[in-house]
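Only one structure is covered here, and it is reproduced in the block below.
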Amino acid sequence: MERAPESLVFRRAPGRELPTVERGEGAVLWDRGGKRYLDGSGGAVVVNVGHGRAEVAQAMSRQAAAAAYVHGTQFTSDVLEEYARRLAPHAPGDCRRLYLVSGGSEANETAVKLARAYQVAIGASSRHKVIGRSVSYHGSTLATLGLSGRPTLQAPYAPMLAAHPRAMAPFCYHCPLGTSYPTCGVACVEDLEAVICREGPETVAAYIAEPVLGASAGAAVPPAEYAARAAEICRRHGVLYVDDEVMTGFGRTGRWFGIEWSGAAPDIVTCGKGMSGGYMPVGGVLASERVVAAVARAGGFVHGYTFSHHPVTAAACLAVLDILEREDLVERSRRLGEAALLRMGALRRHPHVGDVRGRGLMLGLELVADKDARRPFSRAEKRAEALAAACFEGGLVTYPSAGAATGTDGDVVMLAPPFVVTEPQLAEMVDVLDRSLYALGL
């Protein structure tokens, strides 16, 4: 038999043979050998309208045939203008001005630079600091990784990362204050004000936060009051609130944007992943009129990427937006997410399932060594990876993450299927998780 040629791809999973994907449809993938996989995580919490949507591919093809690329300083395009107009009614607050980029890391990098540009534009040039949170993830560029609370990912690059102030994360299962909600009074949000005051409000440009903690904590939902109180603290101190919706946006939590559950109005919103449903690499910044107008009056935003404002990307995003609206998939995400979370609750009977949590179709299962103490397994045991591997063998793709409990220790597996997933498929996903937990003694 003829041997397959040696791969020259610099892979993200060294030392592990990966199956070759052949095709996908809805919430199902098939590899070249014909094995079927339920896409229980949408890749990296990306796929929302489902695999195999011909209308998205056709929209991209039409735009590529008409005009595949123009530079954002030389031309605009009808498809980009239409997408911005169509997206605006869904945007939180008045964050209606779209800056389209190529990924979530680029979006967050753009957002913090825009926050700095705004502060300079209004005469507050001493404001340069951006406050992140103790448990968080905002991207893989040096700037966005530095803003994150992911010690295991940051460690190899620590000498290269700028130091940023951090506020406590609103992570109730591992409360940094050792209290419990609601008797705590959401004391963790007061730490944001303490950090602003400690750093000096006149030095702080922005605060960046995910409305639901993503890969860093495995779909941990903050207390309902948290975001609104954080936004009020930011306003009081002249700090811009950057709402990182790269993972949560475009219906993942059962609302168009995760921050809608709180009623808070941010100054800048960042997007990615579900914006194009995985059909194109994409990110975006939605900025408030106030921010954009101030920067424009000062001469404009000194920033850009070669592939920003890309017309084929905009075509993919517009086609995905059409599907989300037409098929009411955001509401479907909410409804199916509630049912899935209820079904996953039965997994708590396993001896090492410490928590099951999430919102919409963004769900997490945390493994612990000791349920009563919420003590994590040692990172060396790699329990999340073991569970994800067992599920994969059983035909279910999940999204494992490490470090939720201590920054190093803590094992989480996320479920975040496409919104077109069927209820029988959701039941099958939970069944595979159940069997895999039994097989591993977890």
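The values are calculated or read from the model by the stated rules, or taken from the named source; none is laboratory data. Note that the structure is predicted; figures quoted are calculated from it, not measured. Virtual Cβ from ideal backbone geometry, glycine too; neighbours counted across all protein chains shown.
Which of the residues that make up the stretch 116-142 are within 29 Å of Leu80 (Cβ to Cβ), surrounded by 19 or more Cβ atoms within 10 Å (Cβ to Cβ) and under 20 Å from the mean Cα position of the chain (by Cα)?
Val130, Tyr137, His138, Gly139
Restricting attention to the stretch 131-155, which residues are among the small types (Gly, Ala, Ser), in a helix (DSSP H, G or I) and touching an Asp or Glu at 6+ places or on another chain (Cβ under 7 Å)?
Residue satisfying the conditions is Ala143 alone.
Kindly indicate whether Gly274 is more than 19 Å from Glu82 (Cα to Cα), touching a residue at least 60 places away in the same chain (Cβ under 8 Å) and assigned by TED's automatic domain parsing to the domain that holds Tyr173.
So Gly274 fails the test.
Might you check whether a residue that is in a helix (DSSP H, G or I), surrounded by fewer than 20 Cβ atoms within 10 Å (Cβ to Cβ) and at pLDDT 95 or above occurs anywhere in the stretch 213-227?
No, the stretch 213-227 contains no residue that is in a helix (DSSP H, G or I), surrounded by fewer than 20 Cβ atoms within 10 Å (Cβ to Cβ) and at pLDDT 95 or above.
Mind checking which residues of the stretch 127-180 are farther than 21 Å from Thr270 by Cα, among the polar types (S, T, N, Q) and touching a residue at least 60 places away in the same chain (Cβ under 8 Å)?
Passing the criteria: only Thr152.
Look at the stretch 199-215 and say how many of its residues are touching a residue at least 60 places away in the same chain (Cβ under 8 Å) and within 10 Å of the chain's Cα centre (by Cα).
Here the count works out to 5.
Taking the stretch 392-407 as the region of interest, how many residues are out of contact with any strand residue (DSSP E or B) (no Cβ under 8 Å at 6 or more places or on another chain) and either of a type outside the set (Gly, Ala, Ser) or modelled with pLDDT of 95 or more (or both)?
Going through the stretch 392-407 one residue at a time, the tally reaches 3.
Would you point out which residue out of Gly277, Gly284, Gly254 is closer than 17 Å to Val320 by Cα, at pLDDT 95 or above and touching a Leu at 6+ places or on another chain (Cβ under 6 Å)?
Gly284
If I ask for residues that are in contact with a helix residue (DSSP H, G or I) (Cβ under 7 Å, 6 or more places away or on another chain) and either assigned to a helix (DSSP H, G or I) or among the charged types (D, E, K, R) (or both), which ones from the stretch 252-288 would you list?
Arg252, Arg255, Ile259, Asp267, Lys273, Met275 - these are the residues of the stretch 252-288 that are in contact with a helix residue (DSSP H, G or I) (Cβ under 7 Å, 6 or more places away or on another chain) and either assigned to a helix (DSSP H, G or I) or among the charged types (D, E, K, R) (or both).
Among the residues of the stretch 108-130, are any assigned to a strand (DSSP E or B) and under 25 Å from Ala230 (Cα atoms)?
Yes, there is a match, as at least one residue in the stretch 108-130 is assigned to a strand (DSSP E or B) and under 25 Å from Ala230 (Cα atoms).
Filter the stretch 230-266 down to the residues that are within 15 Å of Ala205 (Cβ to Cβ) and of a type in the set (Ser, Thr, Tyr) and list them by number.
Tyr241
Looking for something outside any helix (DSSP H, G or I), more than 24 Å from Ala294 (Cβ to Cβ) and touching a helix residue (DSSP H, G or I) at 6+ places or on another chain (Cβ under 8 Å) - is there at least one such residue anywhere in the stretch 85-107?
Checked the stretch 85-107: at least one residue is outside any helix (DSSP H, G or I), more than 24 Å from Ala294 (Cβ to Cβ) and touching a helix residue (DSSP H, G or I) at 6+ places or on another chain (Cβ under 8 Å).
Does any residue of the stretch 225-235 turn out to be in contact with a helix residue (DSSP H, G or I) (Cβ under 8 Å, 6 or more places away or on another chain), among the small types (Gly, Ala, Ser) and over 15 Å from Ala167 (Cα atoms)?
Checked the stretch 225-235: no residue is in contact with a helix residue (DSSP H, G or I) (Cβ under 8 Å, 6 or more places away or on another chain), among the small types (Gly, Ala, Ser) and over 15 Å from Ala167 (Cα atoms).
Restricting to strands (runs of 3 or more DSSP E) lying wholly in the stretch 1-60: which have 1 or more residues that are surrounded by 12 or more Cβ atoms within 10 Å (Cβ to Cβ), β-branched (Val, Ile, Thr) and under 22 Å from the mean Cα position of the chain (by Cα)?
28-31
Would you mind telling me which numbered condition in (1) at pLDDT 95 or above; (2) more than 16 Å from Gly407 (Cβ to Cβ); (3) not aromatic (Phe, Trp, Tyr) Ala158 fails?
Only one criterion is unmet by Ala158, namely (2).
Among the candidates Val302, Val285, single out the residue that is surrounded by fewer than 18 Cβ atoms within 10 Å (Cβ to Cβ), within 24 Å of Gly132 (Cβ to Cβ) and hydrophobic (A, V, I, L, M, F, W, C).
Exactly one residue qualifies, and that residue is Val302.
Any idea which of (1) assigned to a helix (DSSP H, G or I); (2) touching a residue at least 12 places away in the same chain (Cβ under 8 Å); (3) under 24 Å from Thr253 (Cα atoms) is the one Val291 doesn't satisfy?
Condition not satisfied by Val291: (3).
Would you mind telling me which numbered condition in (1) in contact with a Pro (Cβ under 6 Å, 6 or more places away or on another chain); (2) closer than 16 Å to Gly40 by Cα Gly407 fails?
Condition not satisfied by Gly407: (2).
Could you check how many residues of the stretch 289-326 are under 23 Å from Gly26 (Cα atoms), touching a helix residue (DSSP H, G or I) at 6+ places or on another chain (Cβ under 9 Å) and of a type outside the set (Ser, Thr, Tyr)?
Of the residues in the stretch 289-326, 13 are under 23 Å from Gly26 (Cα atoms), touching a helix residue (DSSP H, G or I) at 6+ places or on another chain (Cβ under 9 Å) and of a type outside the set (Ser, Thr, Tyr).
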